[in-house]
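Engineer: Below is the structure I would like to discuss, written out as structure tokens.
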There are 2 protein chains.
Amino acid sequence: MTSETDPRSVRSREAILNAARELLLESGPTAVTHVLVADRAGVGRATVYRHWPQAEPLLLEVMATVPMPFLDKATVPTREWLRRELTAIARQLELDDVRAVSTTLANTALWDENMDARRAQFAGILADRLAAALDEAQARGEVTLTLTSRNAAAMAIGPMYYRSTIERAPIDSALIDAVVAALGTWSTDR
Amino acid sequence: MTSETDPRSVRSREAILNAARELLLESGPTAVTHVLVADRAGVGRATVYRHWPQAEPLLLEVMATVPMPFLDKATVPTREWLRRELTAIARQLELDDVRAVSTTLANTALWDENMDARRAQFAGILADRLAAALDEAQARGEVTLTLTSRNAAAMAIGPMYYRSTIERAPIDSALIDAVVAALGTWSTDR
């Protein structure tokens, strides 16, 4: 029986991940240490070290448990799909755990290459999905883009991210509407 | 002679601030500890503790040394002033130290109320300056805003901040132009 299928090992692994997640949300990434995680999970430090010899991969795995299924599977009309998806992202960005994970990722990525790889993957998925949906919408005549589709993710998500993490104020529907309008001229406006 | 005017005390204070700044830029906020700062500054730990009993206010003071004089003193035509200011912000956001300070602020503000106060002050200054400049431009007939001037800072700075810290890619002039166009219909476009 390997440690990955040993029920006790699976249980301690889950307890450690839950404890690390609680600590991240309560006190930030600097609280995700072997000592504090072992304490909170009710396991010995040696158990934490056995599963995660370094603290950073544990933090990374905890952050990966926050789901980010945004901008997936575009539907027509694209403008309504986009407004729904951006509203969903806005609601997520107002959750403490998503704010904690996204700002931790942006900050730690500057010094940790594993974090940076996760940042790049996350940003790339969002940019690719949005660019594909907008290019298809333009091909269908739904919109004339006023920027390259490659710039769309920064233009669409950036204002909400800044509002949520720098201004720390609610993302109102007027900001979401302004973002949708900034991407292009929609055929229903003409 | 108080410690604030004692030349030796002034020198050690400056050495500590410089060391803390170097550590922040090299390794991130978690490296700004009493032990590492004393080591780098070439002073005893007791000296660091005497000036800064806690590490957080030291980090905050270091971050305050990075100047952020953006969007100050608007000139006419407002659109050209805005494009220049946004280009200046873009160039700053591409500097490692500004990226380090801004993402550290966004992240640590979630758990530290002093950091949060500085975040609020910083965001408030930018939002107020931009809103005032745009309201005046609209009153002069230079622009018809397509969003409330209160939403302008998120719309203008958000895409560049996201591009720089989440996508980690250059802020091209096309993105800056798209941002300026997103704020309103400029009279020179009509």
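Engineer: 5 Å is the cut-off here: which amide hydrogens, built 1.01 Å from N in the peptide plane, fall below it relative to residue B:184, excluding neighbours closer than 5 in sequence?
Structural biologist: Sorted by chain and number, the residues that satisfy this are B:146.
Engineer: Hey, another quick one. Bin all alpha-carbon pair distances of segment B:7-63 at 10 Å intervals from 0 and give each bin's fraction as a whole percent.
Structural biologist: Result, from short to long distances: 28, 64, 9 percent.
Engineer: If amide hydrogens are placed 1.01 Å from N in the peptide plane, which non-local residues have theirs closer than 5 Å to the one on residue B:142?
Structural biologist: It is none; the list stays empty.
Engineer: Then there's this: Provide the per-residue ³J(HN,Hα) series for segment B:147-155, in order, calculated from phi with Karplus coefficients 6.51, -1.76, 1.60 and θ = phi - 60°, each as a whole number of Hz, with x at glycine and proline positions.
Structural biologist: Whole-Hz 3J(HN,Hα) from phi for segment B:147-155: 8, 5, 4, 5, 8, 5, 5, 4, 5.
Engineer: Probe of 1.4 angstrom, ligands and nucleic acids ignored: what's the accessible area per residue over chain B, in square angstrom? It would help to have the intermediate numbers written out before the result.
Structural biologist: Values: 8790 Å² over 190 residues.
That works out to 46 Å² for each residue.
Engineer: Please get the size of the charge dipole for the protein assembly as shown, origin at its Cα centre, with Cβ charges of +1 on Lys and Arg and -1 on Asp and Glu, quoted in debye to the nearest 20.
Structural biologist: Dipole about the Cα centre, nearest 20: 60 debye.
Engineer: Could you tell me how many degrees, from 0 to 90 and to the nearest 10, lie between the Cα long axis of helix A:78-93 and the main elongation axis, the longest principal axis, of the Cα atoms of chain A?
Structural biologist: Helix A:78-93 sits at roughly 30 degrees to that axis.
Engineer: If you don't mind, another one. Between copies, how far does the label point of residue A:136 sit from its twins, in nm, shortest first, when each point is 7 Å from Cα along Cα→Cβ?
Structural biologist: Here residue A:136 shows inter-copy label distances of 4.7 nm.
Engineer: Right, another one. Label points 7 Å out from Cα along the Cβ direction at residue A:72 and residue B:70: separation in nm?
Structural biologist: Using points 7 Å along Cα→Cβ, the separation is 3.3 nm.
Engineer: Between copies, how far apart are the residue A:96 label points? List them in nm, one decimal, shortest first, with each point 7 Å from Cα toward Cβ, please?
Structural biologist: 3.5
Engineer: Give the carbon-plus-sulfur fraction of the accessible surface of chain B in %, rounded to a whole number; probe 1.4 Å, heavy atoms of protein chains only. Before the final figure, lay out each step's value.
Structural biologist: On the way: 4580 of 8790 Å².
After summing per-atom areas, the C and S share lands at 52 percent.
Engineer: Once the label point is placed 7 Å from Cα along Cβ, list for residue A:70 the distances to the corresponding points in the other copies, in nm, shortest first.
Structural biologist: Here residue A:70 shows inter-copy label distances of 1.9 nm.
Engineer: A further question on this structure: Chain pair B, A: how much accessible area is buried, both chains summed, with a 1.4 Å probe, in Å² to 100?
Structural biologist: Adding both sides of the contact gives about 3400 Å².
Engineer: Separate question: If I take all pairs of Cα atoms in chain A, what percentage of them are more than 30 Å from each other?
Structural biologist: Value for chain A (Cα pairs over 30 Å): 33 percent.
Engineer: Shifting gears a bit: Rounded to a whole number of µm²/s, how large is the Stokes-Einstein D of segment A:78-189 at 25 °C and 0.890 mPa s, given Rh as the Kirkwood radius over C-alpha pairs?
Structural biologist: For these conditions, the coefficient is 166 µm²/s.
Engineer: Just how large is the dipole of segment B:7-63 about the Cα centre, in debye to the nearest 20, putting +1 at every Lys and Arg Cβ and -1 at every Asp and Glu Cβ?
Structural biologist: 280 debye
Engineer: Residue-wise, which Karplus ³J(HN,Hα) couplings in Hz belong to segment A:162-168, taking 6.51 cos²θ - 1.76 cosθ + 1.60, θ = phi - 60°, and x for glycine or proline?
Structural biologist: 5, 4, 6, 9, 9, 7, 6
Engineer: Next question, about the same structure. Check which residues have an amide H placed less than 5 Å from residue B:95's amide H, if you skip close sequence neighbours.
Structural biologist: Amide H neighbours of residue B:95, under 5 Å, 5+ apart: none.
Engineer: Calculate the radius of gyration of the Cα atoms of the protein assembly as shown to one decimal place, then report Dmax, the largest Cα-Cα distance, as a whole number, both in Å.
Structural biologist: In Å, with Rg to one decimal and Dmax whole: 23.1, 77.
The values are calculated or read from the model by the stated rules, or taken from the named source; none is laboratory data. Computed from a predicted structure; not experimentally measured. Glycine gets a Cβ as well: all are built from the backbone with ideal geometry, and neighbour counts include every protein chain shown. With ligands, DNA and RNA removed, areas are computed over all heavy atoms of the protein, side chains included. Shrake-Rupley method; radii C 1.70, N 1.55, O 1.52, S 1.80 Å.
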